[in-house]
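Engineer: Below is the structure I would like to discuss, written out as structure tokens.
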Amino acid sequence: MAKHQQSYTREFKQEAVRLVETSNKNKTEIARDLGISDSALSKWCKELANHGEQAFPGKGHQTDLEEKVRQLQRENEILKQERDILKKAVRIFVQPQQ
């Protein structure tokens, strides 16, 4: 039987982290109250600390930096293909006529 993984909204994660920062309770108690694992809550705290407003981009979404890297990799691949085509064309035109 497949285990269903619960997904949480960005707002829920941000609110959970805010509770950790402002509450007198520890992470384990807050996680239990919210019905999540304490490891997930710890991960959310680290992610928000590391990425700030870019944290929790959502399912299938990427941070701005990851999107820019992906775009540049795609552009680089296109340029390599164009270069290879031009190399082949130069070889064809440079061949001596028989």
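The values are calculated or read from the model by the stated rules, or taken from the named source; none is laboratory data. Here the structure is a predicted model, which means the values were calculated and not measured. All Cβ positions, glycine included, derive from the backbone under ideal geometry; neighbour counts span all protein chains shown.
One line per residue, one yes/no per condition, for (1) surrounded by 12 or more Cβ atoms within 10 Å (Cβ to Cβ); (2) touching a residue at least 60 places away in the same chain (Cβ under 8 Å); (3) in contact with a helix residue (DSSP H, G or I) (Cβ under 6 Å, 6 or more places away or on another chain):
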position	(1), (2), (3)
S7	no, no, no
K25	yes, no, no
A31	yes, no, yes
K43	yes, no, no
G52	no, no, no
K87	no, no, no
V90	no, no, no
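Engineer: Go through the residues of region 74-85 one by one and say whether even a single one is modelled with pLDDT under 90 and exposed (fewer than 11 other Cβ atoms within 10 Å of the Cβ). If you could, list the steps in order and put the result at the bottom.
Structural biologist: Going through region 74-85, the residues modelled with pLDDT under 90 turn out to be none.
No, that holds for no residue.
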